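Asks: Input: one structure, supplied below.
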Amino acid sequence: MTAAPVSIDDIDLGSLSFWGRPHPERLAAFERLRQIERPMYFGEPRVPGLRSGKGFYALVRHREITEALRNPGVFSSYPSVSIPPPPFWAKYIFGNSMVNLDDPQHGRLRRIIARAFTPRMLDKSEQDVTANVNRIIDGVVAAGPGGDFITQIANPIAAGVICDIVGVPEEHRGLVIERVHTWADYTGVRPGFLSSLRLAAKNTMGLVGLRRMVIELGKERRKNPREDVISQLVTANIDGEKLTSMELGAFFTLLVTAGINTASNAMAHGLRLLTDHPDQRELLVNDFDKHIGTCIEEIVRYVTPGMRTGRTIKVEHEVGGQVLKPGDKVVLYFLSANRDDSVFVNPDAFDITRDPNPHVGFGAPGIHFCLGANLVRKELTVAFRELFRRLPDIHAIGEGRQLRSNFENGLTELRFGF
Ligand code: HEM
């Protein structure tokens with residue numbers, strides 16, 4: 001007997017409405033797409049004021065996605081792929097950050113920027129995160145039982161980590177959080193005509209403002225270096241390598257956009273999952289040190305805070321019977337690879353002891369593998385340790401409000417109690 005053909009007529013990954021569906025429905029759609037050998041082609045949404053994209057191929061299986069990540073000579077990060085495409089002027093204003101470059105340019109930037117993520121820096125950041133988390137918990141306790149976990153806890157922790165690392169002064173931090181949120185609203189699914197233009201303008205001004213702020217800090221640190229990342233990046237190392245002002249601006253924009261919402265969403269979804277799975281939570285709190293490492297990997301797999309990345313084809317290449325031509329755009333759906341049952345046993349089960357857990361949530365095994373992965377592992381460890389220690393009954397209430405986005409698996413609100 002032959003298997004019934006899979007119907008995918010109702011699935012349009014290029015449409016804005018698909019990404020407005022509840023997450024379980026999005027996952028169910030990817031389960032059907034994974035049954036089709038040939039990568040599917042989708043058109044792109046038309047957004048007023050932007051160039052219309054020419055469409056893209058979707059990679060949805062773990063094997064194809066890891067092969068693409070391992071093969072940057074064919075699957076190039078330059079030019080970057082985003083759906084819908086960015087406005088043409090974006091690159092003139094923001095420059096190219098390393099995530100949108102290939103080697104050797106990417107390798108040079110990664111070498112310089114890796115100075116920010118040495119074990120010594122990570123140890124210092126553990127102390128900062130612990131102090132910051134406890135300050136935030138003090139505020140939560142004083143404010144009374146419960147509220148919104150995203151704005152009161154997850155965002156301030158995640159933004160604090162990045163701002164501490166970079167050396168952003170206290171008075172600018174609220175602004176950083178606000179601007180990253182505008183970015184999330186804009187990047188994920190750009191909505192109707194007027195709101196799209198309004199958000200585009202607000203987003204641009206916000207990011208330009210952030211760049212200006214960090215470039216000014218860089219100038220100051222060149223004159224008076226301190227024990228912070230900006231100082232290390234703008235002063236030369238033994239090989240004479242350092243970042244230019246433009247590169248520093250692009251780096252900072254990448255750090256705040258890559259590092260705040262992803263970490264905050266992992267934390268919030270993590271609390272929700274541990275609330276929904278009391279057996280897993282009990283396992284964790286009964287032997288925190290034993291389970292927290294695999295628990296964090298499972299949260300990143302299960303949630304996949306950054307749901308996709310994109311690549312441009314450089315050299316003709318075949319995937320699943322489909323010939324991809326130079327210039328074709330390909331979107332790699334990490335959220336789908338992370339539920340692929342040819343790799344993960346019982347992929348829809350949230351199992352904090354899952355090991356091995358070869359998820360692609362951090363972009364491994366690609367050369368762009370998340371530079372902040374060890375930092376965020378530390379951040380989530382400290383956050384859950386201190387939250388469960390000081391507020392043992394902390395729990396999520398309900399599922400939270402899902403961000404309408406084709407990029408971030410985010411929550412805009414998650415009520416909590418303790
Ligand atoms: C749970 C949280 C996080 C997730 C799920 C995540 C995910 C990812 C993914 C999937 C990539 C690869 C993108 C690609 O191949 O195109 C990436 C790259 C990157 N991430 Fe993260 N990230 C997280 C947190 C952070 C944090 C906290 C930072 C900074 C402190 C950070 C900094 C970066 C940077 C700089 C890159 C670019 C690396 C390169 O191009 O070589 N990320 N991240």
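Asks: From the list Gly320, Gly327, which one is at positive phi, more than 10 Å from the ligand (Cβ to nearest atom) and out of contact with any helix residue (DSSP H, G or I) (no Cβ under 8 Å at 6 or more places or on another chain)?
Replies: One residue alone meets the criteria, Gly327.
Asks: I would also like to ask the following. Here are the criteria: (1) under 16 Å from Ala68 (Cβ atoms); (2) more than 16 Å from the ligand (Cβ to nearest atom); (3) assigned to a helix (DSSP H, G or I). Tell me which single one Ser336 does not satisfy.
Replies: (2)
Asks: Hey, among the residues in region 109-133 that are of a type in the set (Gly, Ala, Ser) and surrounded by fewer than 17 Cβ atoms within 10 Å (Cβ to Cβ), which one's farthest from the chain's Cα centre (by Cα)?
Replies: Going through the qualifying residues, I end up with Ala131.
Asks: Moving on to the next point. Among the residues that make up region 79-97, is at least one of them polar (S, T, N, Q), in contact (Cβ under 8 Å) with a residue 24 or more places away in the chain and assigned to a helix (DSSP H, G or I)?
Replies: In the first step, residues of region 79-97 are kept if they are polar (S, T, N, Q); the result is 80, 82, 96-97.
This time we only want the ones that are in contact (Cβ under 8 Å) with a residue 24 or more places away in the chain, so: 80, 82, 96-97.
Adding the requirement that they be assigned to a helix (DSSP H, G or I) leaves none.
Looking for residues that are polar (S, T, N, Q), in contact (Cβ under 8 Å) with a residue 24 or more places away in the chain and assigned to a helix (DSSP H, G or I), one finds none in region 79-97, hence no.
Asks: Of all residues in region 108-125, count the ones that are assigned to a helix (DSSP H, G or I), more than 12 Å from the ligand (Cβ to nearest atom) and out of contact with any Leu (no Cβ under 8 Å at 6 or more places or on another chain).
Replies: Qualifying residue count for the region: 4.
Asks: Also, quick follow-up: Please tell me if Ile8 is assigned to a loop (DSSP other than H, G, I, E, B) and modelled with pLDDT under 90.
Replies: yes
Asks: Any chance region 290-297 includes a residue that's in contact (Cβ under 8 Å) with a residue 12 or more places away in the chain, within 16 Å of the ligand (Cβ to nearest atom) and touching a strand residue (DSSP E or B) at 6+ places or on another chain (Cβ under 6 Å)?
Replies: no
Asks: Please specify each residue of region 364-387 satisfying the condition of being closer than 23 Å to Ile157 by Cα, open to solvent by less than 30 Å² (accessible area, probe 1.4 Å) and either β-branched (Val, Ile, Thr) or in a loop (DSSP other than H, G, I, E, B) (or both).
Replies: Matches in region 364-387: Gly372, Val376, Val382.
Asks: Same structure again: Which residue pairs have Cβ atoms closer than 6 Å, lie 6 or more positions apart in sequence or on different chains, and pair a first residue in region 352-364 that is at positive phi with a second residue that is within 14 Å of the ligand (Cβ to nearest atom)?
Replies: What qualifies is Gly363/Phe369; Gly363/Cys370.
Asks: Continuing with this model, one more query. Here is a list of conditions, (1) in contact with an Asp or Glu (Cβ under 6 Å, 6 or more places away or on another chain); (2) more than 11 Å from the ligand (Cβ to nearest atom), and Asn261 meets all of them except one; can you say which number that is?
Replies: (2)
Asks: Specify which of the listed residues (Phe384, Phe344, Phe350) is within 30 Å of Ala116 (Cα to Cα) and aromatic (Phe, Trp, Tyr).
Replies: Only one candidate passes the filter, namely Phe384.
Asks: Condition test on Arg308, is it open to solvent by less than 30 Å² (accessible area, probe 1.4 Å), at pLDDT 95 or above, within 16 Å of the ligand (Cβ to nearest atom) and among the charged types (D, E, K, R)?
Replies: yes
Asks: Next question. Within region 224-267, count every residue that is among the small types (Gly, Ala, Ser) and surrounded by 22 or more Cβ atoms within 10 Å (Cβ to Cβ).
Replies: Of the residues in that region, 6 qualify.
Asks: Here's another thing I want to ask about it. Go through (1) closer than 23 Å to Pro392 by Cβ; (2) within 14 Å of the ligand (Cβ to nearest atom) and name the single condition Asp276 misses.
Replies: Unmet condition: (2).
Asks: Further question: When you go through Phe30, Phe94 one by one, which is the residue that is under 22 Å from the mean Cα position of the chain (by Cα), surrounded by 16 or more Cβ atoms within 10 Å (Cβ to Cβ), over 25 Å from Val315 (Cα atoms) and at pLDDT 95 or above?
Replies: Phe30
Asks: Anything in region 330-363 that is of a type in the set (Asp, Glu) and in contact with a helix residue (DSSP H, G or I) (Cβ under 7 Å, 6 or more places away or on another chain)? List them, or say none. I'd like the intermediate steps shown before the answer.
Replies: Going residue by residue through region 330-363, those that are of a type in the set (Asp, Glu) are 340-341, 348, 351, 355.
Passing the criteria: Asp340, Asp351, Asp355.
Asks: Is it the case that some residue within region 394-404 is under 30 Å from Pro72 (Cβ atoms), within 16 Å of the ligand (Cβ to nearest atom) and part of a helix (DSSP H, G or I)?
Replies: For region 394-404, residues under 30 Å from Pro72 (Cβ atoms), within 16 Å of the ligand (Cβ to nearest atom) and part of a helix (DSSP H, G or I): absent.
Asks: What do you reckon, is Asp128 modelled with pLDDT of 85 or more and assigned to a loop (DSSP other than H, G, I, E, B)?
Replies: For Asp128, the condition - modelled with pLDDT of 85 or more and assigned to a loop (DSSP other than H, G, I, E, B) - is not met.
Asks: Let me ask another. What's the number of the condition Val161 fails, among (1) crowded, with 19+ Cβ neighbours inside 10 Å; (2) more than 11 Å from the ligand (Cβ to nearest atom); (3) under 22 Å from Leu255 (Cα atoms)?
Replies: For Val161, the failing item is (2).
Asks: Okay, next question. Does Ile136 satisfy the criteria of being in a helix (DSSP H, G or I), open to solvent by less than 50 Å² (accessible area, probe 1.4 Å), at pLDDT 85 or above and under 30 Å from Ala337 (Cα atoms)?
Replies: Working: in a helix (DSSP H, G or I): yes; open to solvent by less than 50 Å² (accessible area, probe 1.4 Å): yes; at pLDDT 85 or above: yes; under 30 Å from Ala337 (Cα atoms): no.
For Ile136, the condition - in a helix (DSSP H, G or I), open to solvent by less than 50 Å² (accessible area, probe 1.4 Å), at pLDDT 85 or above and under 30 Å from Ala337 (Cα atoms) - is not met.
Asks: Mind listing whichever residues of region 388-405 are surrounded by 18 or more Cβ atoms within 10 Å (Cβ to Cβ) and either β-branched (Val, Ile, Thr) or touching a Cys at 6+ places or on another chain (Cβ under 9 Å) (or both)?
Replies: Ile394
The values are calculated or read from the model by the stated rules, or taken from the named source; none is laboratory data. Quick caveat, the model's predicted, so the values are computed rather than measured. Here Cβ is always computed from backbone atoms with ideal geometry, including for glycine, and neighbour counts include all displayed protein chains. With ligands, DNA and RNA removed, areas are computed over all heavy atoms of the protein, side chains included. Shrake-Rupley method; radii C 1.70, N 1.55, O 1.52, S 1.80 Å.
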